[in-house]
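Before any comments, here is the structure.
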Amino acid sequence: MNIIGMIHLDTKKKVDVFALSIYGLMIFPRALGYIDEVVTDLFD
């Protein structure tokens, strides 16, 4: 594999990780809020 191919793969991996982290930042608080609601309902 040539060096340009390796750089391209590395960039694609970084973009994937970046996209996943943004997705996680959007979904995670919602999931936490949902869990929080369930827990408060349990203890009420």
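Any read-out appearing in this document is the output of simple, stated calculations on the displayed coordinates, not a laboratory observation. Quick caveat, the model's predicted, so the values are computed rather than measured.
Structure values in brief
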{"item": "Cα convex hull volume per residue for the chain (Å³)", "result": "46 Å³"}
{"item": "In Hz, Karplus ³J(HN,Hα) per residue of the stretch 29-44 (6.51, -1.76, 1.60; θ = phi - 60°; x = Gly, Pro)", "result": "x, 5, 5, 4, x, 5, 4, 4, 4, 4, 5, 5, 5, 4, 8, 6"}
